[in-house]
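In what follows, a structure is listed as structure tokens, so that the remarks can point back to it.
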Amino acid sequence: MPYGVKRGVKTPGNFTAGDMMGLALSGSAGIIAALVTDYQQSGEASALFTINQWVVQLGSILGFTDIPLWMVVVGMTMVGAGSVFYFQPITRQGAFAQGFGLLAVLMTAVPANLASGLQGINDTLPGLETVSTTREASVEAKVHKASYSPQGTVTLVQDRDGPSMYDVHLTINFPNGISDQVSTMIRRGELRGRLHNEDTNQTWDLFKSTGGTVRQSGNSLVIHAGVPARSQNAQLWVRIEAKGYAIQIQSYSASLSDVVEWDIEMVPSSTPLFIQRLGKSYWF
């Protein structure tokens, strides 16, 4: 029989409830296939995290803020199942392709949930006014550039006219050590971190620097950064994801009059990160 001649296609009106269920499941399977592809290949840039953030913002209006990633996956899968009633594919292959294509278009349209790099707070260069980082001083700085250094800290360039900043000293302790080079883990998606200022609703990538410093000290990562502030006090949040450890989400009440001395103890875990992430709410 020539290629392209369809067999077993029913005429309109002859589709049973079982046929419709099969088409809906095929559309859902297409959605899931596209979700897995985007989730695994795009890393932090996956549109799934952005959609989770939007859903949390919408849910906060109704009083629901703790919406984990798996709920977003289930919701989008249901959209794939329901879409067959609008597009009305007549074969299961067509329903699968329609679900996959629908989500592919959606993922392309949704912006990536990427955070900016950490800013710095120190100033030791000649010709610039020294910025005090004592507990009695309010820090003002605007960072221009810096980079991650596994061996030591980075000298920063600052302007005197920048905004006030919380002086954050963050120490992340890994009791079982770090499984690989930090830069390699970051590249593979095995080490991720976010810092969020609830007062300004700004988020920064802990391992991407535009002035802040990240250095390894034994089984710890020591981060020094300046977090822009618009008030004397604010609630800061961090989320740390590392291979071999449970995802940690913690908060700290920061003040401009005090240095933020923040220690985070990672808890060993054998659960893969991609499964842990499904149970977390990515609201920042």
> If you add up the charges near G218, with Lys and Arg at +1 and Asp and Glu at -1, over every other residue whose beta carbon is less than 15 angstrom from its beta carbon, what do you get?
Replying inline: -1
>> With every protein chain kept in place and ligands, DNA and RNA left out, what is the accessible area per residue of the range 209-284? Probe 1.4 Å, answer in Å².
In response: 41 Å²
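So for each of 240-248, 87-95, 59-67, 22-30 I average, over its residues, the number of other beta carbons within 10 Å; can you give me the resulting order with the highest mean first? Working shown, then result.
On the way: 240-248: 19.0, 87-95: 16.3, 59-67: 11.4, 22-30: 22.1.
Output ranking for 240-248, 87-95, 59-67, 22-30: 22-30, 240-248, 87-95, 59-67.
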> How many nm is it between the label spots at Q88 and Q232, if each spot is 7 Å from the Cα in line with the beta carbon?
Replying inline: 6.6 nm
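What is the sum of charges, Lys and Arg at +1 and Asp and Glu at -1, for the other residues whose Cβ falls under 12 Å from the Cβ of L195? Each step should come with its number before you reach the end.
Details: positive: R192, R194, K208, R239; negative: E198, D205.
Once all neighbours under 12 Å are counted, the net charge is +2.
Roughly speaking, to the nearest percent, how much of the range 186-239's 1.4 Å accessible area is carbon and sulfur?
Working: 830 of 2130 Å².
The C+S portion of the solvent-accessible surface of the range 186-239 is 39 percent.
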> How do 97-103, 208-214, 68-74 rank on mean C-beta neighbours within 10 Å, highest first?
Replying inline: 208-214, 97-103, 68-74
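Excluding W283 itself, what net charge comes from residues whose Cβ is under 14 Å from its Cβ, given Lys and Arg +1 and Asp and Glu -1? Kindly include the intermediate steps, with their values, before the conclusion.
Values: positive: R194, R239, R277, K280; negative: D66, E198.
Neighbourhood net charge equals +2.
The values are calculated or read from the model by the stated rules, or taken from the named source; none is laboratory data. For clarity, every value in this text was computed on a predicted model and none was experimentally measured. Virtual Cβ from ideal backbone geometry, glycine too; neighbours counted across all protein chains shown. To get the accessible areas, we keep the full protein, side chains included, count just its heavy atoms, and leave off ligands, DNA and RNA. Shrake-Rupley method; radii C 1.70, N 1.55, O 1.52, S 1.80 Å.
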